[in-house]
Amino acid sequence: MKTLIEASKKPYSTSAYVASFEEIQTGCMQRVADATELMATDYRTLVRERDMYKKQHDEQCDRSDRLWWSNNALRGVITRMKNKEVT
(Lines give C-alpha, C1' and ligand atoms only; values in the text may rest on other atoms or scores of the structure.)
Protein backbone atom coordinates (compact mmCIF):
# COMPACT_ATOMS: atom_id res chain seq x y z
CA MET A 1 0.00 0.00 0.00
CA LYS A 2 1.03 3.56 -0.56
CA THR A 3 2.21 5.79 2.22
CA LEU A 4 -0.40 7.63 4.23
CA ILE A 5 0.81 10.91 2.73
CA GLU A 6 0.12 9.67 -0.81
CA ALA A 7 -3.18 8.15 0.29
CA SER A 8 -4.33 11.48 1.75
CA LYS A 9 -3.70 13.22 -1.60
CA LYS A 10 -5.77 10.73 -3.57
CA PRO A 11 -9.29 11.79 -4.59
CA TYR A 12 -11.72 9.32 -3.09
CA SER A 13 -15.00 8.10 -4.42
CA THR A 14 -17.42 5.42 -3.28
CA SER A 15 -16.46 2.96 -6.03
CA ALA A 16 -12.73 2.81 -5.18
CA TYR A 17 -10.93 1.78 -2.02
CA VAL A 18 -11.90 4.21 0.69
CA ALA A 19 -9.26 4.85 3.30
CA SER A 20 -10.42 5.20 6.83
CA PHE A 21 -10.91 8.61 8.33
CA GLU A 22 -7.92 8.06 10.61
CA GLU A 23 -5.65 7.17 7.68
CA ILE A 24 -6.67 10.29 5.77
CA GLN A 25 -6.28 12.43 8.87
CA THR A 26 -2.83 10.96 9.61
CA GLY A 27 -1.69 11.55 6.02
CA CYS A 28 -2.93 15.13 6.14
CA MET A 29 -1.12 15.77 9.41
CA GLN A 30 2.09 14.39 7.93
CA ARG A 31 1.72 16.67 4.91
CA VAL A 32 1.17 19.65 7.22
CA ALA A 33 4.27 18.67 9.19
CA ASP A 34 6.35 18.44 6.00
CA ALA A 35 5.13 21.85 4.84
CA THR A 36 5.90 23.36 8.24
CA GLU A 37 9.45 21.99 8.16
CA LEU A 38 9.92 23.44 4.67
CA MET A 39 8.68 26.84 5.84
CA ALA A 40 11.06 26.71 8.81
CA THR A 41 13.96 26.00 6.46
CA ASP A 42 13.02 28.96 4.27
CA TYR A 43 12.68 31.16 7.35
CA ARG A 44 16.15 30.21 8.58
CA THR A 45 17.56 31.08 5.15
CA LEU A 46 15.85 34.48 5.23
CA VAL A 47 17.16 35.20 8.73
CA ARG A 48 20.69 34.23 7.68
CA GLU A 49 20.50 36.54 4.63
CA ARG A 50 19.11 39.38 6.73
CA ASP A 51 21.95 39.02 9.23
CA MET A 52 24.50 39.02 6.42
CA TYR A 53 23.08 42.18 4.83
CA LYS A 54 22.83 43.90 8.22
CA LYS A 55 26.48 43.11 8.91
CA GLN A 56 27.49 44.46 5.49
CA HIS A 57 25.44 47.60 6.07
CA ASP A 58 27.03 48.20 9.48
CA GLU A 59 30.52 47.72 8.03
CA GLN A 60 29.81 50.18 5.21
CA CYS A 61 28.43 52.74 7.67
CA ASP A 62 31.59 52.41 9.80
CA ARG A 63 33.77 52.80 6.71
CA SER A 64 31.79 55.84 5.60
CA ASP A 65 32.18 57.45 9.02
CA ARG A 66 35.94 56.82 9.03
CA LEU A 67 36.28 58.36 5.56
CA TRP A 68 34.21 61.39 6.60
CA TRP A 69 36.43 62.04 9.64
CA SER A 70 39.57 61.45 7.59
CA ASN A 71 38.46 63.94 4.91
CA ASN A 72 37.66 66.55 7.55
CA ALA A 73 41.08 66.06 9.14
CA LEU A 74 42.79 66.43 5.77
CA ARG A 75 40.82 69.61 5.04
CA GLY A 76 42.08 70.99 8.35
CA VAL A 77 45.66 70.11 7.43
CA ILE A 78 45.29 71.84 4.07
CA THR A 79 43.84 74.95 5.72
CA ARG A 80 46.73 75.10 8.25
CA MET A 81 49.29 74.69 5.45
CA LYS A 82 47.66 77.52 3.45
CA ASN A 83 47.64 79.77 6.53
CA LYS A 84 51.35 79.08 7.17
CA GLU A 85 52.24 80.10 3.61
CA VAL A 86 50.41 83.42 3.92
CA THR A 87 52.21 84.47 7.11
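The values are calculated or read from the model by the stated rules, or taken from the named source; none is laboratory data. This structure is a prediction, so every number in the text was calculated from the model and none was measured. A quick note on method: Cβ atoms are made from the backbone with ideal geometry, for glycine too, and the neighbour counts reach across all protein chains shown.
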- Consider Gln25 against the criteria (1) at pLDDT 90 or above; (2) surrounded by 10 or more Cβ atoms within 10 Å (Cβ to Cβ): it satisfies all of them except one. Which criterion is unmet? (1)
- Find all pairs meeting these conditions: Cβ atoms under 7 angstrom apart; at least six residues apart or on different chains; first residue within segment 20-37 and in contact (Cβ under 8 Å) with a residue 24 or more places away in the chain and over 13 Å from Thr3 (Cβ atoms); second residue surrounded by 11 or more Cβ atoms within 10 Å (Cβ to Cβ) and among the aliphatic types (A, V, I, L, M). none
- Message: I'd like to know if segment 53-62 contains one or more residues that are surrounded by 10 or more Cβ atoms within 10 Å (Cβ to Cβ), without any contact (Cβ under 8 Å) to a residue 12 or more places away in the chain and either aliphatic (A, V, I, L, M) or not in a helix (DSSP H, G or I) (or both).
- Response: no
